[in-house]
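Below is one structure, written out as C-alpha cells; comments come after it.
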Amino acid sequence: MKLRIDKMLSNSGLGSRKQIKQAARKGYVEINGRVEKDSSKIIDTEKDMVKYKGQVIKYLQFIYLMMNKPAGVISATEDYYDKTVIDLLKDEDKFFKPFPVGRLDKDTEGLLLITNDGQLSHNLLSPRKGVDKTYYVELAEEVVEEDVGLFEEGIILKEDNYKTLPAKLEILESGYPSICLVTIREGKFHQVKRMFKALSNEVIYLKRIAMGPLILDENLKAGQYRQLTEEEVKILGGQL
Ligand code: URA
C-alpha cells in the first residue's frame, strides 16, 4: 500500500500528523536507513523500511484478533445498553475499527474473531463457503445416541420449520448434565439452542471452540484476546 509517511505513522498510533511532521523535521523518521525530514513523502508499506525514533514500524492494514468472548457482552460494535466485545479492546486495537465476525449470543462464550478485514469476514460468514463452527455444549436433559443420527439428517427447527444442514454431534458425557460437541456449517439465529430445543432438550452452557481452521486458544481466559499469529491468518485466508 502506498501512502504518506505522516499518515502511515499516525495511523499506527504514533501521534497526530502534525506531531509526526515535527518529529520528522527533528530527524526521527528514517526510510530505508536514511533520515527523511519531509513527512509528506509517499512510501510503499510493503517495500520500504520505516523507522520512527529508532524502531521499525510495520504498517498493519488489517487487524485480526481472537477473543474468548465472556458471557454478558454482546457481539456488536456498539450498543446503547450492553457492553460489547469492542468495549473490551485496548484503545490501540479499537483504533483499527474492528468488528466481530458473526455473532455469538449474549450468554454464549468462546471463540470470536474480531477484524477489520471485510473480505475475510464475508468469506467466513458466506453460506456458500459453509465454514464449520464447533461448540462445546452442556444440556439439561440426557443426550442419546439416536440424537447423533438426527443431527446428521438435519433437524427441523420449531419456529420456522427450517431444516438444518447435516450437523455433527459427538457425545462426550451422557447423563445430567450431558456434554457434547456440535459442529454446524450454518449460522442461523440461536441455531444450536434451537436444534436441541427441537429434540426437547435445553442448552445450559454454550461455548464456541473452533471456527474453520481456527481453534480457541486455551490460554485465553474469558474476556481476554490476542492477535492471530501470521500462520493463523495465512491458514484462515488460504482455506476460504
Ligand atoms: N448457536 C446458538 O444457539 N447460539 C450461539 O451463540 C451460537 C450458535
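The values are calculated or read from the model by the stated rules, or taken from the named source; none is laboratory data. Keep in mind that what you see is a predicted model, and the values were worked out from it rather than measured. Quick reminder, even Gly has a Cβ in these numbers, built from the backbone with ideal geometry, and neighbours come from all protein chains shown. Accessible surface is based on the protein model in full, side chains and every heavy atom, while ligands, DNA and RNA are left aside. Shrake-Rupley method; radii C 1.70, N 1.55, O 1.52, S 1.80 Å.
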Check: Where a ≥ b ≥ c are the square roots of the eigenvalues of the C-alpha gyration tensor, would you call segment 133-211 rounded, which needs a/c under 1.5, or, failing that, prolate if a/b is larger than b/c, or oblate?
Finding: rounded
Note to self: Given a 1.4 angstrom probe, what's the average accessible area per residue across the chain, in square angstrom?
What the structure shows: 57 Å²
Next item on the list: Heavy atoms only, probe 1.4 Å: what % of the accessible area of the chain goes to carbon and sulfur, would you let me know?
Entry: 48 percent
Item checked: Candidates per GluC sites (Glu not before Pro) in segment 1-67, loop by DSSP, up to 13 other Cβ within 10 Å -> 46
Check: Considering every Cα-Cα pair within the chain, what fraction, in whole percent, is farther apart than 26 Å?
Finding: 50 percent
Notebook entry, point to check: Taking a probe of 1.4 angstrom, what is the accessible area of residue 2 in Å², to the nearest 10?
Noted result: 150 Å²
Check: Distance in nm between label sites at residue 46 and residue 168, each 7 Å beyond Cα in the beta-carbon direction?
Finding: 3.6 nm
Item checked: At most 16 other Cβ within 10 Å, DSSP loop - trypsin sites (Lys or Arg not before Pro), segment 152-240 -> 158, 185, 188, 221
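Select from segment 50-89 those chymotrypsin sites (Phe, Trp or Tyr not before Pro) which occupy a DSSP coil region and have at most 10 other Cβ atoms within 10 Å, ordered by residue number.
Sites meeting the loop and neighbour criteria: 80, 81.
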